[in-house]
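Taking it in order: structure first as structure tokens, then the write-up.
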Amino acid sequence: MLEEARPEDAVLHGLCTWDDEIAGEKWRKHELRQVPRSLRVITPDHDSYPAYVHIKVAQSNQGYYQDTKVAVRNIDEYSLAFSSLSRLLNAVNSSLKDLERVASGGNTDRDRERRALLHQVDQALKVASAALQQAS
């Protein structure tokens, strides 16, 4: 896809940053944004939880990471984090529905097995959605 996007008249060309200095800086920022997502607090009894939660500012593409314990105590940040989780769950559900539509055409044993597994995932997502609604 990248090779197809290189010519200036290519449809995808405008979606890429072609200045290597700018693109390199954007990539480094992207890499470092992944760090807070991977950090976990390990408790003395060996349980763990995310050290930071992503807070997406409402009606904006802006967001930031907050210490998980701080965010849970702050009702506004908790609400924003909760909304982010709801949006993420909705996106997963939408992707699942797309996959189910694509998988619906095959008639082999493997196709039927995949549909059964997708159905199990769908059921689990319904349980998760219901629990999330109760927690709101």
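The values are calculated or read from the model by the stated rules, or taken from the named source; none is laboratory data. These numbers were taken from a predicted model, which means no experiment stands behind them. Don't worry about glycine lacking a Cβ; one is built from the backbone with ideal geometry, like all the others, and counts go over all protein chains shown. Protein only, heavy atoms only, side chains kept; ligands, DNA and RNA dropped before computing areas. Shrake-Rupley method; radii C 1.70, N 1.55, O 1.52, S 1.80 Å.
What residues have an amide H closer than 5 Å to that of Gly63, excluding those fewer than 5 places away on the same chain, when H is modeled at 1.01 Å from N in the peptide plane?
Those qualifying (amide H under 5 Å, at least 5 residues apart or on another chain) are Val57.
Counting only heavy atoms of the protein chains, get the accessible area per residue of the chain (1.4 Å probe) and round it to a whole Å² value.
Details: 10710 Å² over 136 residues.
Per-residue value: 79 Å².
Kirkwood hydrodynamic radius for region 30-115: how many Å is it when counted over pairs of different Cα atoms?
15.7 Å
Please say if region 1-77 is rounded, prolate or oblate, where rounded means a/c under 1.5 for a ≥ b ≥ c the square roots of the C-alpha gyration tensor eigenvalues, and otherwise the choice is prolate for a/b larger than b/c and oblate otherwise?
Taking the square roots of the gyration eigenvalues as a ≥ b ≥ c, region 1-77 is prolate.
If the cut-off is 18 Å between C-alpha atoms, which aspartates and glutamates fall inside it for Lys126, apart from same-chain ones fewer than 8 positions away?
Of all the aspartates and glutamates, those that pass the test against Lys126 - Cα under 18 Å, at least 8 places apart if same chain - are Asp98, Glu100.
Specify which residue in the list Pro36, Gly24, Leu80 is farthest towards the positive end of the charge dipole of region 1-102, using unit charges on the beta carbon of Lys, Arg (+1) and Asp, Glu (-1), about the Cα centre.
Going by the charge dipole, the pick is Leu80.
How much of the accessible area of the chain, probe 1.4 Å, is carbon plus sulfur, in whole percent? Can you show the working numbers first?
Working: 6010 of 10710 Å².
So the carbon and sulfur contribution to the accessible surface is 56 percent.
Quick one: which residues, 5+ away or cross-chain, put their amide H under 5 Å from the amide H of Tyr52? H built at 1.01 Å from N.
Under 5 Å from the amide H of Tyr52 lie the amide H atoms of Thr68, each far enough along the sequence or on another chain.
Can you pick out the pairs among Lys29/Lys56; Lys56/Lys97; Lys26/Lys69 whose Cα atoms lie more than 27 Å from each other?
Lys26/Lys69
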